[in-house]
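Participant: What follows is a structure written as structure tokens; I'll ask about it next.
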Amino acid sequence: PAVPRLSFRDGGTIPQLGYGVFKVADEIAADVTAQALRAGYRHIDTAKIYGNEAGVGRAIAASGIAREDLFVTTKLWNDAHGTDDAIAACEASLARLGLDYVDLFLVHWAVPAQGQYVEAWKALIALQERGLVRAIGVSNHPAAQLEEIIEATGVVPAIHQIELHPYFQQRELREVHERHGILTESWGPLGQGKSDLLENAAVTDIAAAHGASPAQVVLAWHLAHGIVTIPKSVTPSRIVENLAAVELRLTAEEVAAIDALDRPDGRGGADPATKTA
Ligand code: NAD
């Protein structure tokens, strides 16, 4: 399937649908990542804290796919926001991945209570200048901390990766992103199996109308909103199914029906404002 690419404000592009590997053990990461690459994914989302960068790296090395045809994201963990720690953490991630650069490096959480998110962002700016990372962005930053790192450095993140799915649509943060030209990337795009999202009648009715699966409908909704998304599965048929969502076009009415599912209490994961290390 042909995956659309979205442009970062300062140049470069990202495949709009990628493969996420949260909670995938390192022992199986190489196998499932290889399956994703064979299925046609060219964008992989990992993180230091997932403990599977080495497995992802083995799959990349064995794939024979040219480096410039791949897009690899990893993330800086919360214990390494200090300048020297952040530089060392990036170098260690690259070593585990077996890469000499990543396409996108993210500050994983702002952890406001720790108070080092500006320092962490400055470290990512330095890493980009040194060529170890192509694009830099953040993840799990409340609007206040997002504005603060921009104000403090004059450098706008290329992308912000946040919990986002039909039950938790993050409209306010998406407006902040739009104002700054920041791409929105959704984690937990399928609701992480924590809710009845994939059984919701609004979703299953649309799925039936298209002969598609509920997961494909939800992913097509993300894509219709211009959101970059990184669904995870370790099931071979679902790995293929999720990628094929790029071929599903929802009508404006269908998108609106899913827009109506937003809930004030829809958050499934930690709140970035109160997250501690
Ligand atoms: P997800 O919403 O992608 O849900 C994954 C789960 O949904 C699977 O484990 C499976 O149970 C189910 N599923 C997947 N495909 C399906 C299908 N076709 N049909 C039915 N069920 C299906 O949740 P996630 O893995 O937490 O998020 C995706 C990725 O986002 C992660 O792998 C990771 O890369 C990233 N992530 C980032 C953060 C962050 O803090 N930045 C947090 C969580 C996840």
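Just so you know, all these numbers are worked out from the coordinates, no wet-lab data involved. A quick note: this is a predicted structure, and the numbers were derived from the prediction, not measured. Note that we place each Cβ from the backbone using ideal geometry, even for glycine, and neighbour counts take in every protein chain shown.
Participant: Pick out, from the range 1-47, the strands (runs of 3 or more DSSP E) lying fully within it that include 1 or more residues that are within 15 Å of the ligand (Cβ to nearest atom), touching a residue at least 60 places away in the same chain (Cβ under 8 Å) and not acidic (Asp, Glu). Please lay out each step first, then the result.
Facilitator: Details: elements: 5-7, 13-15, 43-45.
Strands (runs of 3 or more DSSP E) meeting the threshold: 13-15, 43-45.
Participant: Moving on. Out of the residues in the range 57-78 that are in contact with a His (Cβ under 7 Å, 6 or more places away or on another chain) and not aliphatic (A, V, I, L, M), which is nearest to Asp103 (Cα to Cα)?
Facilitator: Step by step, filter the range 57-78, then rank; the result is Phe71.
Participant: Mind listing just one residue for me: the one in the range 230-244 that is near the ligand (Cβ under 8 Å from one of its atoms) and more than 13 Å from Val32 (Cβ to Cβ) and, of those, surrounded by the fewest Cβ atoms within 10 Å (Cβ to Cβ)?
Facilitator: If we take residues in the range 230-244 being near the ligand (Cβ under 8 Å from one of its atoms) and more than 13 Å from Val32 (Cβ to Cβ), then Glu241 is surrounded by the fewest Cβ atoms within 10 Å (Cβ to Cβ).
Participant: I would also like to ask the following. Considering the range 102-145 alone, what residues qualify as being part of a strand (DSSP E or B) and of a type in the set (Asp, Glu)? Walk me through it before giving the result.
Facilitator: Applying the first criterion (part of a strand (DSSP E or B)) to the range 102-145 yields 102-107, 133-139.
Correct list: Asp103 only.
Participant: Gly181 passes all but one of (1) surrounded by 14 or more Cβ atoms within 10 Å (Cβ to Cβ); (2) away from the ligand (no atom under 16 Å from the Cβ); which number fails?
Facilitator: Failed condition: (1).
Participant: Can Pro189 be described as within 17 Å of Gly268 (Cα to Cα) and either crowded, with 20+ Cβ neighbours inside 10 Å or more than 10 Å from the ligand (Cβ to nearest atom) (or both)?
Facilitator: So Pro189 passes the test.
Participant: Determine if the range 195-217 includes at least one residue that is within 16 Å of the chain's Cα centre (by Cα) and touching a residue at least 60 places away in the same chain (Cβ under 8 Å).
Facilitator: Taking every residue of the range 195-217 in turn, none turns out to be within 16 Å of the chain's Cα centre (by Cα) and touching a residue at least 60 places away in the same chain (Cβ under 8 Å).
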